[in-house]
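Heads up: the structure comes next, in structure tokens.
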Amino acid sequence: MTLSDDAAAWAANTLAGLTLEQKIGQIITSDVTGGYIAEDDPRLGRWLSLARDHGLGMFVLYGGTPRDVARLLNRLQKAAAVPLLISADFEAGRGSR
């Protein structure tokens, strides 16, 4: 797979504009719970801060309904300066983790 010229230019420009600390943040991953999260839940504030204030570039998602997951991921993406890479573990049952 090759990147389009526009995508390659965007990636190069974005990377060139990041400080070393921001580049390091892009390779750090945190876990998030995909279920319903209330607005005043301290976990939500912490996750948003990781994306917005600390520039984490990746999150791994555990569980949740499609609606709750979409809502949470939209909030995280909006808080992040650089689009986030999201992975998920939606397996269930014995030995799934």
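The values are calculated or read from the model by the stated rules, or taken from the named source; none is laboratory data. Owing to the predicted nature of the structure, the values given are computational and were not obtained by experimental measurement. As a convention, Cβ positions derive from the backbone with ideal geometry for all residues, glycine included, and neighbour counts pool all protein chains shown. These accessible areas exclude ligands, DNA and RNA; they are computed on the full protein's heavy atoms, side chains included. Shrake-Rupley method; radii C 1.70, N 1.55, O 1.52, S 1.80 Å.
Between the alpha-carbon centres of the stretch 4-35 and the stretch 46-96 there is a gap of 15 Å. Computed on protein heavy atoms with a 1.4 Å probe, the accessible areas place Y36, Y62 in the order Y36, Y62, largest first. Given a 1.4 Å probe and the protein chains as shown, R46 ends up with an accessible area of around 130 Å². Below 8 Å, C-alpha to C-alpha, sequence gap of six or more: please give me the relative contact order for the chain in percent. Once normalised by length, the contact order is 28 percent.
Once the Cα atoms are used to define both axes, helix 66-79 deviates from the longest principal axis of the chain by about 40 degrees. Between the Cα long axis of helix 42-52 and the first principal axis of the chain there is an angle of about 10°, rounded to the nearest 10. Treating r as the C-beta distance of I28 and L48 and R0 as 22 Å, the FRET efficiency rounds to 0.90.
Distance between the pseudo-spin-label points of R67 and A16 (7 Å out from Cα toward the beta carbon): 4.6 nm.
Relative to the dominant Cα principal axis of the chain, helix 5-16 is inclined by about 90°.
Amide H contacts for S30 (H built 1.01 Å from N in the peptide plane; partners 5 or more residues away or on another chain; cut-off under 5 Å): M58, F59, V60.
Segment Q77..T2, full-extension length gain: 24.6 nm, with 0.36 nm per residue of separation and the alpha-carbon distance subtracted.
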